[in-house]
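Here the structure comes first, spelled out in structure tokens, and everything after it is commentary.
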Amino acid sequence: MNPELQSRLPLLRPAAQSDPLGLYLHIPFCLDRCTYCSFTTTRDRSLQPDTLARLIDDLAAWGAALDRPAVDTLYLGGGTPSLLAPDELAALTAAVRAAFDMAPLVEATLEANPGTVDLAWLQDARRLGWDRISLGVQALDDTLLSRLGRIHGASQALESLDLARRAGFQRRSADLMVGIPGQSLSKVVEDARTLAATGLEHLSIYLLDLDKACPLRGEIDAGRLTLPTEDEVADVFESLQVELPRLGLEPYEISNYAHSGAESIHNTRYWERRPYLGLGPGAASQLGDFRWTESGNIALWAAGRGEVDLQELNAAEALAEIPLLGLRMHRGVDWAALRDRADTLDLRPTCDAWERQLRALAKNDLVLWEADQVRLGSRGMLMSNSILQIFI
Ligand code: SF4
């Protein structure tokens, strides 16, 4: 374990024991690199054995260091976790169960990519206790998928969702992307309808993010492809806000829609600032007011080296995160509780200044106040990036 973290263990341990943890494991391998990807992932599968060995070591080390804390949500993300061989997935799952108290577990999600799963693999995963699957569908249009550099086509995406259902995954989610060059509004809505018709219980809608250098950014900068305008993208999100509830998928967070009771419990913990431990290259953790990110250099990480980026939030930063993250959720934030918290931290003037700004935004329904509960309205959700600047 990194010495900086080791020295903080007396503070991290009580935080890990105060509330069941979310445990995130990162599998940084993909068959190919998508043209827009900025995640911690590689095509170099020769690193896979060492990466898994370190993950298993880290699970044992962290479980012991934190006194075998309780875990209520487990998430295997990537990369492409569905590239793990069945015995690798079994070994990783066994290492989790050996190191942590899994009695309170209520959700175990694995991410998978269409084109990398078959029925036998999915059935194995179900037998190991994974009960929720999130598939990176992105679009149901072969031209757009090829533009994104995805390895799958539209029919494979639908087939993977069906295989997951047949393998016994009752909890299925898909990612859909908005803002792809050449993507029309009507096609996004049509894709959402097609996905909803498969009976999946959860849909994540993401805006294509090209902030970092990547091949797709290069194509756009060279003028060979054009991004939809901001107005066109806003029209898509507005249409989805109307259409998805008609399909039984209610919004519960800026990017996420679900059947009632089928919200992602693991992801909700991030917006509620509940504790989580992330293991793997580039994985993030938060225990108490400590937050850290593992090195994103996969080879160094797999070799047991690499820096950890550790940050300790001060009282004002920790308080600001409550509305910053909480307002992403459809139910919003209990402002009376936030005010009480601010009082105990001697930060009432800061909290009152935020309140004044949010009340000013209520005039045009960007922010909605219902007694002491505050949340973003539907237009506020579309403009959340600028509204949430209040807390930064
Ligand atoms: S599948 Fe996901 S993680 Fe892998 S290269 Fe594509 S976008 Fe990146």
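Values computed for the structure shown
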read-out	value
Charge sum, other residues only, whose C-beta stays under 9 Å from Asp32's C-beta, Lys/Arg counted +1 and Asp/Glu -1	+3
For region 325-339, Karplus couplings with θ = phi - 60° (6.51, -1.76, 1.60), whole Hz, Gly/Pro x	8, x, 6, 5, 7, 4, 6, x, 10, 7, 6, 5, 5, 5, 4
Choice from Thr42, Thr229, Thr268 with maximal GNM fluctuation in the chain (Cα, 10 Å cutoff)	Thr229
Backbone N within region 122-145 under 16 Å of label point (7 Å from Gln170 Cα along the Cβ vector)	126-127, 129-133
Taking the C-alpha atoms of region 195-334, convex hull volume expressed per residue in Å³	182
Most fluctuating residue given options Ser38, Ser295, Ser160, as computed from a GNM of the chain linking Cα atoms under 10 Å	Ser38
Residues with amide H under 5 Å from that of Arg171, placed H, sequence gap 5 or more	Ile133
Mean projected area (nm²) of the alpha-carbon convex hull when region 315-392 is viewed from all directions	4.4
Largest to smallest principal axis extent of the C-alpha atoms in region 85-241, angstrom	52, 33, 27
Cut-off 13 Å between beta-carbons: net charge of the residues surrounding Ser239, Lys and Arg +1, Asp and Glu -1	-4
No Cys partner within the rule (Cβ under 4.7 Å), the chain	Cys30, Cys214, Cys351
Net charge, Arg147 excluded, C-beta distance under 10 Å - Lys, Arg +1, Asp, Glu -1	-2
Extension reserve of the Asn364-Asn297 stretch, reckoned as 0.36 nm per residue once the Cα distance is removed	19.5 nm
For the chain, alpha-carbon Rg over 2.2 N^0.38 Å	1.00
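We did not get these values from a lab; they are worked out from the coordinates using the rules stated. All of these numbers come straight from a predicted model, not from anything done at the bench. For neighbour counting, all protein chains shown are included, and Cβ atoms are generated from backbone atoms with ideal geometry for every residue, glycine included.
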